[in-house]
Amino acid sequence: MPLIPRELEPMLLERARAYPAVTLTGPRQSGKSTLVREAFPDYDYVSLEDIDMRELAHDDPRSFLQRYSNHVILDEVQRVPELFSYMQRVMDERNEPGQFILSGSQNFLLLNSISQSLAGRVAILHLLPLSYTELTHAGETPSNDEFVFRGGYPRLYSSLATPADFYPRLCRHIH
């Protein structure tokens, strides 16, 4: 199945033209990584889920940010929260919009760290799973009952995963 356009993409692009950093948070598997990679194809992409990259960022944040200091997507950034204070300096020195695109699972500590370290420098957006409208615009029009049962997580529309596979705890008792 082709990529389903997300309603939040224009706002994401707009914020990247106005702020040095944009953070995209939301539930796991809601499509954050896919959206930022699609919206910013010319940016470097670094996943801090990768143990080697996470250790490099954690052990030597200055060198890490010198390597990736402009037009970079830092995915799963909540895994190295100490980067935020180092990013503040980079943003202040360059003072350019769209330097960093940060994404990660919605997490109170992530939002708290960002709001303290990067106040006024970062726009924070929240991505939820696919909406009924997004599915309809993409040519997937589930019935209301099907949408309630299936939900809006992208993997349920881009693969052969079934709701019972995706939500095993919830569907265990449904036959």
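Quick check: at a probe of 1.4 Å, how many percent of the accessible area of segment 23-98 sits on carbon and sulfur atoms? Intermediate values should be presented prior to the final figure.
Working: 1530 of 3920 Å².
In segment 23-98, the share of accessible area belonging to carbon and sulfur is 39 percent.
Distance between the 7 Å Cα→Cβ label points at residue 93 and residue 45: 2.7 nm.
The values are calculated or read from the model by the stated rules, or taken from the named source; none is laboratory data. Keep in mind the model is a prediction, meaning the values are calculated, not measured. Cβ sites come from the backbone with ideal geometry, for glycine too, and all protein chains shown count toward neighbours. To get the accessible areas, we keep the full protein, side chains included, count just its heavy atoms, and leave off ligands, DNA and RNA. Shrake-Rupley method; radii C 1.70, N 1.55, O 1.52, S 1.80 Å.
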